[in-house]
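Only one structure is covered here, and it is reproduced in the block below.
The values are calculated or read from the model by the stated rules, or taken from the named source; none is laboratory data. This one's a predicted model, so the numbers in the text were calculated from it and none came from an experiment. Note that we place each Cβ from the backbone using ideal geometry, even for glycine, and neighbour counts take in every protein chain shown.
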Amino acid sequence: MAALRRITTALLASALLWAVAALPARAADPIPARAMAAYRAFERGETQRAESESALAVRESADSAGAWAVRGYLLSQSGDKAGAAAAYREAIRLDPRDPVTRNNLGAVLLDLGQPAEAITALEEALRLKPIYADARNNLGAAFEKAGRLPDAQRAYRTATMIDPDHAQAYNNLGAVQLKSGDVQAAAASFARAAQLDPSFGVPALNLALLASPEERDDAFFARMEAAAAKPGASKQLRARVLAMRAGREADKQEWSRARGYYMDALRLMPRDTTLLNNIAVVEDQLGMDREALLHLTEALDIQPDLMVAQNNVGIVHVHRGDMDLARGVFEDIVSRDPDFHRAHYNLGVVHASEGRVREARTSFGTAARLAPQDASARYNLAILNRRTDGDVSQELRAYREVLRLDPKLTEAHLALGMLLADPATPARLRDNVEAARHLERFLALAPGSDEEGRTQARDWLAWLRANS
């Protein structure tokens, strides 16, 4: 039989961000006149006056939950999240019955990278007011940051049931559906969000991110950049467009250009963990393992429960040959989140590289069970089964199923083509025409850097021509 291809893994990139909006406070007790004047000044764009008025309001009415709630909201909007959290906590101490202030406290705790504390605050808000779409949406974001994706998806879906016009909840639902591998459902959720609120630019960008590389032509990017260049366009929107440019360059394996776009985006949003993670993905491709680890560490300092970044730390260790360190990272992830299928997959890679076939099969099997649409897990299972079972007909079925799931998985085209052409394959299973088709497809898809694979494919095609 043909030589086995190396089992590989790649860093996970993430392209989507949820957005969590803290609503203006509506306290249960009356809001003092000075606090209301501060809020109205903020609405008019008079931020300095709003700040000074709200500071006076809490000095004059220190026992007013409403004054502290408004103070918290204004501080949150100015970027002082810690100050906002303290103000909201004081408002809650004075009036524990107000669900809106608890929702707003949950939102700022989430911004502070404290998802567990945010979950507690938001669940308290929902205990006081179960039919509260904004709190349910924010609870979904807190679950998502804590790595509890099934809980996040349920929370977002419930928010859309409470408020069928909640564009943000639909966008966030789409982000979780995409992370779970359900691209079709994600696209439908993003489309619904964009339809509900055309001024909310994130769903349209997320829909665009789902477009195939072939659809992202120059005209497409010109439209996206025109939207980002409009007066009032947020830094997040401009950073997302730069990130899309980076993704386009990464699709073409123009890693240096991709890194440049990501760095430009990061200058706009220096604490964006998605950008930090994706820069590390590109740096890993460039062999910049030290820089990749620094960016992943920075992302984890901001968001300690960002499992995708921790998973990528393990993968960088794999690429450095530090298998003991990598194994420790992946084992830690699966102990904390048993449903994180890519950590199981990568643990399988480590086991396979060290010759522990039984353990590798277990890990790849768990990954395939958790994510049935993951073609790479099924491909690696087929490779391992080939080593142990030698059942060629089963191996052929496995490769064909893999390619049904992912027609562009180059490794599967090469493996299937070689197996169909190999003289050691039983005659009733060989098919030179189909073999040539898969080998040619591999050459069309494989990067030029895969010299080993391309040589194998060309050699087998030459053999087929000589023996046809």
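Of all residues in region 373-391, which are surrounded by fewer than 19 Cβ atoms within 10 Å (Cβ to Cβ), in contact with a helix residue (DSSP H, G or I) (Cβ under 9 Å, 6 or more places away or on another chain) and either acidic (Asp, Glu) or farther than 16 Å from GLY348 by Cα (or both)? Selection gives GLN373, ASP389, ASP391.
If you go through region 321-372 and pick out every residue that is part of a helix (DSSP H, G or I), over 22 Å from the mean Cα position of the chain (by Cα), at pLDDT below 90 and not hydrophobic (A, V, I, L, M, F, W, C), you end up with 1. Screening GLU117, GLU51 for residues that are under 30 Å from MET307 (Cβ atoms), of a type in the set (D, E, K, R) and in a helix (DSSP H, G or I) leaves exactly one candidate, GLU117. Residue-level check: of (1) modelled with pLDDT under 70; (2) under 21 Å from ALA152 (Cβ atoms), ALA193 misses just (1). Within the bounds of region 143-162, is there any residue that is touching a residue at least 60 places away in the same chain (Cβ under 8 Å) and more than 20 Å from HIS341 (Cβ to Cβ)? Looking for residues that are touching a residue at least 60 places away in the same chain (Cβ under 8 Å) and more than 20 Å from HIS341 (Cβ to Cβ), one finds none in region 143-162, hence no.
Conditions (1) of a type in the set (Gly, Ala, Ser); (2) in a helix (DSSP H, G or I); (3) under 21 Å from GLN394 (Cβ atoms), marked per residue:
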residue	(1), (2), (3)
ALA424	yes, no, yes
ARG428	no, yes, yes
GLU434	no, yes, yes
PHE442	no, yes, no
SER449	yes, no, no
ARG454	no, yes, no
ALA457	yes, yes, no
TRP460	no, yes, no
TRP463	no, yes, no
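Of all residues in region 28-50, those satisfying the criterion of being basic (Lys, Arg) and free of Cβ contacts under 8 Å to residues at least 24 places away in the same chain are ARG40, ARG44, ARG49. So for region 47-68 (the condition being at pLDDT 85 or above, out of contact with any His (no Cβ under 9 Å at 6 or more places or on another chain), within 30 Å of LEU178 (Cβ to Cβ) and basic (Lys, Arg)), does at least one residue qualify? Within region 47-68, not a single residue is at pLDDT 85 or above, out of contact with any His (no Cβ under 9 Å at 6 or more places or on another chain), within 30 Å of LEU178 (Cβ to Cβ) and basic (Lys, Arg). For region 306-314, the criterion of being free of Cβ contacts under 8 Å to residues at least 24 places away in the same chain and under 28 Å from LYS81 (Cα atoms) is met by at least one residue. Hey, any hits in region 373-388 for a residue that's free of Cβ contacts under 8 Å to residues at least 12 places away in the same chain and part of a helix (DSSP H, G or I)? No, region 373-388 contains no residue that is free of Cβ contacts under 8 Å to residues at least 12 places away in the same chain and part of a helix (DSSP H, G or I).
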